[in-house]
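Data block below; observations after.
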Amino acid sequence: MPDKPLIKVDKLEKKFGDNEVLKEIDGTVMAGQVICVIGPSGSGKSTFLRCLNLLEHPTGGKVYFEGKDTETFTESELTTLRERMGMVFQSFNLFPNLTVLENLKLAPMRVKKMSDQEAADKAMSLLKRVGLEEKADVYPASLSGGQQQRVAIARALAMDPEVLLFDEPTSALDPEMVGEVLAVMKGLAESGMTMVVVTHEMGFAREVADEVWFMADGYILEKNKPDDMFNHPQNERAKDFISKIIGQ
Amino acid sequence: MKVQGKKVILAILTFCLSLFVLFSIQPTHQTAYAADQSLQRIKQKGTIVMATSPDYPPYEFEVQKNGKSQIVGMDVDIMKKVAKDLGVKLVIKSMSFDSVLVAVETGKADVAMSGINPTPSRRQSVDFSEIYYNGGQSFLINKTDVAKYKNQSALAHKKIGAQTGTLQYNLAKSKIPGATVKGMDKNTDLVLALKTHKVDALGIETPSAEAYIKNDPDLAMFKSSYHLNKNETGSAMALKKGSGTLVAAINKSIDQIKQQHLANQYLADAGKYMKVNTHNTSMWHYRSYFLKGVEYTLIISAISVIFGVLLGTILALMRFSKSKILHAIAVAYIEFVRGTPLMVQVLFVYFGVGIIINLPALLSGIIAVSLNSGAYVAEIIRGGINSVDKGQTEASASLGLTKGDSMRYVILPQALKNIWPALGNEFVSLIKESSIVSIIGVTDLIYQLNIVRADTYRGVMPVFVAMIIYFIITFILTRVLNYYEGRMKHAR
Ligand SMILES: Nc1ncnc2c1ncn2[C@@H]1O[C@H](COP(=O)(O)OP(=O)(O)OP(=O)(O)O)[C@@H](O)[C@H]1O
Ligand SMILES: [Mg+2]
């Protein structure tokens, strides 16, 4: 079971102008762990994820990756960091100008300097893994939302990341497509991938997560095992929030 | 902060430009005091370059000779004799009348000869040879008005047309009581104004007036009754200041021409050309002129749009760069170019930059139009880049792609697709706007149009033909672009 801290966050703060979005966030993600982050809209979940791979630069506190302070990273170390932390977005963000296969090949070829053949082989095996090998040569626009998100996951996997960050990966999907994406994510978790997932899919969190973090107003108000979090949350705001999403 | 930085850069740029202009003026003055080697230089070169505006028959105009267009006329014959006397070869550079004096001032040409009157104000900027021909002043009127306007005094309180900035213009203004003087750049336009009764008479040199009445049965003329100083009213050659020895050598040839009454013979020769020339004034007869014009117009626009897109991309990327200096340079460039007229830029590249490197007119035109287009394309591309969803940049960053790779493989391809219609419009507008290069003598469609108008004495028809040609080109181009736009949409 997990023993090595992969990501450590220490008194993390993020302000946009006067707007304090993250306040004194502490947390540790061990290698192989799956963390689910829940919380009301606007509470800072996305910002928190984006601070982890430094798409946003924290305005206070520290983010350590494998024990190294990311604040001291140079531009090239930052790209290396991002290469090792894959990210999957709510709106998929596939490159519409490239085919599915090219979407998967681009970063391995440009960043890892893989040969075209190598990258293509790898891409095909990943597409197989998410069940979309027959879609290799089409453009993303002709895929359903669920298929696009599976391609996006495969694209992130093509870089062999240590961690995958998911920002509400299923909330832009029609209900009938949520399952196929969650299934892929479940498979990843079972294979030992470290994951930080912002999601409101209680079923997924219960089944897969090692820990659930509840965020509100820029604070992490509670960290708990999934069963404890959903059945008897300690924090009043968490209680309120969970009763609402279970009620619906 | 940003705005201030921008201002500083603009100030620096303006400063550099004024320095540049200062430097460009400096040598002209220096040569005035230095030992005069103008004659020796011509002999060493073995050529004498004449700047002229060949839309002024019988002084200078273009004709078709053995299927090739050629500049002929009295001025050309006189200059041929001068060249022969000097023992050098004659090279003729054609350009708009506004440009011929600048051409000698900036060393683009050795002599400007285009039926130029040596007025006192012109004498301040160039040296003049002796007067080589004094044709006298006349008025051109409509034949239907012959009874009404018998002489100059009948023109009081009437509308009189004349070429802007010429002797005829100033004379009409100062010597005809109560007259309204309407100035235009070209005699062809003025004649059209006369025939459509926008003006009642036209102040014009006698030889030109004679050429017009010979070729147009609707026109008539009478001689003026101005009392004129012979030294100011004739035509002379203009040379760069401080060309004393060359002027002296040229004056010798002019003296011979006067003694042997060669000018009248040259005029008669020019008249013969004009007869041949006006024999067939159908536009079809002039198709090779228009074709050549279309060719140059397309060449200039196509090359300029390519370089414009390259430059525009670089400028747009500079605007997105983290480096404040690159950003400021790009902003300053774009603002400066968009804030000055294309015509001025064309003149600046040809005459201004031409002092440092001698650029041919076509190349100057292409450079100026490309530099201009680059600034506009930069803004289009910037808009295109901004129109690409932010998620795309984030997704490529999250994969570890560098900024450059992300731009190249993800953002720019999408940006270009979004701005394809705008780029197409830019190309279409370049085809129209590049017509300005005709002022430095690039033989584009507008230039050819003016040649044909001067040759045929037909004011409207050539304009109509050029208009139709421009329309056909841009119409076809728009269809082609739309087709590809549709195909690109399909590809997604
Ligand atoms: N780039 C930005 N500039 C300014 N403010 C921002 C920026 N990004 C986020 N914010 C603000 O930060 C706060 C938290 O936003 P964030 O997107 O992290 O919330 P969230 O928990 O992910 O919400 P949701 O569930 O709606 O996605 C919001 O008030 C938002 O307006
Ligand atoms: Mg969010």
Taking the range B:40-173 and dividing mean pair separation by its residue count, relative contact order in percent (alpha carbons under 8 Å, at least six apart): 24 percent
Note, ³J(HN,Hα) from phi for the range B:250-264, Karplus 6.51, -1.76, 1.60, rounded to Hz, x at Gly and Pro: 5, 4, 4, 4, 4, 4, 4, 4, 5, 4, 8, 6, 6, 4, 5
Candidate lysines - alpha carbon under 20 Å from residue A:8, same-chain residues fewer than 8 apart omitted: A:23, A:45, A:62, A:68, A:223, A:225
Rg/Rg_ref, the range A:26-68, where Rg_ref = 2.2 N^0.38 Å and atoms are Cα: 1.23
Estimated 222 nm signal from helices in chain B, with DSSP H stretches of n ≥ 4 weighted -39500 (n - 2.57), rounded to 500: -19000 deg cm²/dmol
For residue B:137, residues with placed amide H under 5 Å, excluding near neighbours: B:206, B:224
Computed Rg/Rh of the range A:5-247, alpha carbon atoms with Kirkwood Rh: 0.97
Options B:357, A:145, B:480, ranked by Cα towards positive dipole end of the protein assembly as shown, top entry (Cβ charges): B:357
Calculated Rg and Dmax of the range A:71-205 using C-alpha coordinates, Å: 14.5, 44
Assigned charges on the beta-carbon of Lys, Arg, Asp, Glu; the range A:5-247 dipole about Cα centre (debye): 200 debye
From phi via Karplus (6.51, -1.76, 1.60), per-residue ³J(HN,Hα) for the range B:474-479 in Hz, x at Gly/Pro: 5, 5, 4, 4, 4, 4
Shielding of A:92-101 by partner chains, average beta-carbon count, 10 Å: 5
Long-range amide H partners of residue B:93 with built H, under 5 Å: B:50, B:51, B:52
Projected area, mean over directions - the range B:345-492, Cα convex hull, nm²: 11.8 nm²
Against the rule of thumb 2.2 N^0.38 Å, how large the Cα Rg of the protein assembly as shown comes out: 1.41
Charge sum, other residues only, whose C-beta stays under 12 Å from residue B:188's C-beta, Lys/Arg counted +1 and Asp/Glu -1: -1
Euclidean distance between Cα centres, the range B:158-174 to the range A:1-63, Å: 81 Å
Net charge dipole size for the protein assembly as shown [Lys, Arg +1 and Asp, Glu -1 on Cβ; Debye, nearest 20]: 3700 debye
Over the range A:27-104: Rg over Rh, Cα atoms, Kirkwood Rh: 0.99
With Cα atoms, 0 to 90° folded angle of helix A:100-111 axis to chain A main axis: 80 degrees
Stokes-Einstein D (µm²/s) once Rh is taken as the Kirkwood radius of the range B:74-166 over alpha-carbon pairs, at 4 °C in 1.567 mPa s: 80 µm²/s
Sorted peptide list for B:399-406, B:459-466, B:224-231, criterion being average Cβ within 10 angstrom, highest first: B:399-406, B:459-466, B:224-231
Å² per residue, accessible surface of the protein assembly as shown at 1.4 Å: 46 Å²
Partner chain coverage, peptide B:388-395 - average Cβ within 10 angstrom: 5
Cut-off 9 Å between beta-carbons: net charge of the residues surrounding residue A:123, Lys and Arg +1, Asp and Glu -1: +1
Reference-scaled alpha-carbon Rg (2.2 N^0.38 Å with N residues) for chain B: 1.14
Restraint check, B:159/B:258; B:65/B:186; B:93/B:143, Cα-Cα greater than 26 Å: B:159/B:258; B:93/B:143
Spin-label model distance (nm) - residue B:379 vs residue B:488, 7 Å beyond Cα toward Cβ: 2.0 nm
For residue B:181, residues with placed amide H under 5 Å, excluding near neighbours: B:160
Residue-averaged beta-carbon neighbours from other chains (10 angstrom radius) around A:147-158: 1
Cα radius of gyration and Dmax for the range A:110-154 (Å): 11.0, 31
For the range B:184-286, fraction of C-alpha pairs farther apart than 18 Å, in %: 66 percent
Summed side-chain charge close to residue B:298 - residues other than residue B:298 whose Cβ falls under 13 Å, Lys, Arg +1, Asp, Glu -1: 0
Simple label model, 7 Å out from Cα along Cβ direction - residue A:183 to residue A:144, nm: 1.1 nm
Total accessible area lost when A and B pair, probe 1.4 Å, Å² to nearest 100: 1900 Å²
Residue (of A:157, A:89, A:61) at the positive-pole extreme of chain A, dipole from beta-carbon charges: A:157
Positive-end extreme of charge dipole, the range B:356-492 - chosen from B:461, B:416, B:429 (charges on Cβ): B:416
Computed magnitude of the charge dipole of chain B (debye, nearest 20; Cβ of K, R +1, Cβ of D, E -1): 500 debye
Computed over the range A:93-136, Cα set: Rg, Dmax in Å: 9.9, 26
Along each principal axis, Cα extent of the range B:123-230, largest first, Å: 43, 31, 24
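The values are calculated or read from the model by the stated rules, or taken from the named source; none is laboratory data. As the structure is a computational prediction, the values presented were derived from the model and not from experiment. Using ideal geometry, Cβ is built from the backbone for each residue, glycine included, and neighbour counts are taken over all protein chains shown. Only protein heavy atoms, including side chains, enter the accessible area calculation; ligands, DNA and RNA are left aside. Shrake-Rupley method; radii C 1.70, N 1.55, O 1.52, S 1.80 Å.
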